[in-house]
Structures are given as structure tokens and as C-alpha cells.
Amino acid sequence: MAIRVIEMKIKAIERLVKILENSIISGIELTDFWGRKVKISKSGDNAPVLRIAEPMTREKKQEVEEKPTATGEKLSPIRSPIVGTFYLAPAPDAPSYVEVGDIIKPGQVVCIVEAMKLMNEIESDVAGKVTQILVKNEDPVEYNQELMLIEPL
């Protein structure tokens, strides 16, 4: 039974790839009931590229949100306000806005999320210490995705 379901999913994806190859659109993105996304897009040479991303599970999300700091406080996440591409620095040859261990203040720019060729500076809402950066440089991010965790001071 499980093999049959997998075969059906593969056939559906193959159909989507063929539709994309024969159309003028540049990509297809689907989200299933559980929040898993399938994105198929054309690269520069018109070859379809398939990316499947599963969202953080409820258990993992609670583990991160409920993880107490050394002082017993909860960590504050900095979230992406838009869908786009995550950048830690203003330019490829520039230093990162922040690194793990840095102390930040409210209003300080901590990263950039690019959307539609616009560079959106993401600022911290809290003062604290950067304890974890959850996204790699140049990775795609979703709306409301946690980008980094801050230990409030």
C-alpha cells in the first residue's frame, strides 16, 4: 500500500514537471494539508527544479519555544515578516549584521530578507544575546519562519 501511494505522488510530480516544461509560467508551488510544500521552477536552462520543504513539526517548534535560557527565561524568536531569501550581510563581501553571541538592542538590523528584488532589513524587537541563527545565508524563508533566537537581557 505504501509503495502505491509513493508511486502516485511521483506520477503527480512528473505530471506537474511536464505541465511546467510546456508552459510559459516559471514555477509551480503547492502546499499540502500538513503544510508541506512542493515547488517546481525553471532554472536558467529551462530545466525544472524540484524542491520539497517540510515545516518544523509541532514537537520541534515547542522544544525551541519552550527551551529555557540559563537565567530561566524563554528565548525570543526573530521571525521573517515576508517570503523571500535570507541574507546575514548587506553584501557578499561585507561582514554579517550579527553572529551567535552578539548582544543586540531593539531596532538593530540583524539580517535582510529579499523579496522581489527589494532588500528588507529585519530589525530586532528585543534587547538580548543572539543564541542561535536558524537559517543559512541565502536560504529561502517563509512568512513567519523563525530566523534566529534571542536570549532577552
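Among the conditions (1) at pLDDT below 75; (2) assigned to a helix (DSSP H, G or I); (3) not assigned by TED's automatic domain parsing to the domain that holds Met148, Gly35 misses just one, which is (2). Going residue by residue through region 93-108, is there one that turns out to be in contact with a Pro (Cβ under 9 Å, 6 or more places away or on another chain), modelled with pLDDT of 80 or more and either surrounded by 10 or more Cβ atoms within 10 Å (Cβ to Cβ) or hydrophobic (A, V, I, L, M, F, W, C) (or both)? There is at least one residue in region 93-108 that is in contact with a Pro (Cβ under 9 Å, 6 or more places away or on another chain), modelled with pLDDT of 80 or more and either surrounded by 10 or more Cβ atoms within 10 Å (Cβ to Cβ) or hydrophobic (A, V, I, L, M, F, W, C) (or both).
Suppose the filter is modelled with pLDDT of 75 or more, β-branched (Val, Ile, Thr) and surrounded by 10 or more Cβ atoms within 10 Å (Cβ to Cβ); does Ile13 pass it? I'd like the intermediate steps shown before the answer.
Values: modelled with pLDDT of 75 or more: yes; β-branched (Val, Ile, Thr): yes; surrounded by 10 or more Cβ atoms within 10 Å (Cβ to Cβ): yes.
Judged against the criteria, Ile13 is a match.
The values are calculated or read from the model by the stated rules, or taken from the named source; none is laboratory data. As the structure is a prediction and not an experimental result, all values here were calculated from the model. Positions of Cβ are backbone-derived with ideal geometry, glycine not excepted, and every protein chain shown enters the neighbour counts.
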